[in-house]
Amino acid sequence: MNDLPPPPPPPPQHPQPFLLSYDRAAAAAARWRRWILWLTVLLALASAWPWAVRSVRWAQRIYWRQQCLNWQNPSTQPVVQWKDGKATIATTASPWPRYYESLNQATLGGAGLLYLHRRAAQADKPRLVVIEVAAGTTAGQWRLWPRVIALDQGGRELDAPPPYYLEADKLYPALSDINHPAMIRLPFERGGGNHILTIWLDATDQLRYAE
């Protein structure tokens, strides 16, 4: 006979705990709190997004404005010239297109850049003066397209001065006059001779010209 002891009885099966009604209410409340928390976070992010975009644009504007103020055209070559009846415009790498884009949310065309720097007719009214150039309506003519930006008004572009038309074979990068904070000198060639166009910013934020 088999003298082995009988196997032990299986452990008793415990019934599942009964979830009381107030436990169900607490679980549901916890779920609602989580949903409300996530919804609050999403609403906060949505409301902060426009402010964040404006802050990024403002920071970009300040950065590129400072780059424009520090920029000097290192080239001594002509910016534009007429050759065989055709206008040639040199490409100049400068921070001006990026700054213009930050101001206007638009891009510039293909004009040449003659001048980009700070000028001031009055010490408390600094201006960023930009002079671009494009071919005129006839061969040998250039259209100078100036812009004046008020640095003391958050970078607001002022009413554009009228264009100036100049007969020249070649135009070189314009230079700041270190002795006159409102004056610019633009070297150019005409008929084989060297000339200077004097440009100055007046108290009304208009540019004046004298050959």
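The values are calculated or read from the model by the stated rules, or taken from the named source; none is laboratory data. This one's a predicted model, so the numbers in the text were calculated from it and none came from an experiment. We work out accessible area using only protein heavy atoms, side chains counted, and drop any ligands, DNA or RNA first. Shrake-Rupley method; radii C 1.70, N 1.55, O 1.52, S 1.80 Å.
Per-residue extension of 0.36 nm, minus the Cα-Cα distance of A150 and S75, leaves a gain of 24.3 nm for this segment. For region 131-195, the square roots of the Cα gyration tensor eigenvalues, ordered a ≥ b ≥ c, give a/c of at least 1.5 with a/b no greater than b/c, which places it in the oblate category.
Need one word for region 75-134: rounded, prolate or oblate. Basis is the Cα gyration tensor (sqrt eigenvalues a ≥ b ≥ c); a/c below 1.5 gives rounded, then a/b vs b/c decides. Since a/c reaches 1.5 but b/c is at least a/b, the shape of region 75-134 is classed as oblate.
Given contacts defined as C-alpha pairs under 8 Å and at least six residues apart, what's the relative contact order of region 143-184, whole-number percent?
Details: 37 pairs, mean separation 13.1, N = 42.
Over region 143-184, the number comes to 31 percent.
For region 66-197, the pair-distance distribution built from all alpha carbon pairs, in bins 10 Å wide starting at 0, is 12, 44, 34, 10, 1 percent. Solvent-accessible area of region 128-211 (1.4 angstrom probe, protein heavy atoms only): carbon and sulfur portion equals 53 percent. Based on the alpha-carbon gyration tensor of region 162-207 and its eigenvalue square roots a ≥ b ≥ c, which shape applies: rounded if a/c is under 1.5, prolate if not and a/b is larger than b/c, or oblate? In terms of gyration-tensor shape, oblate.
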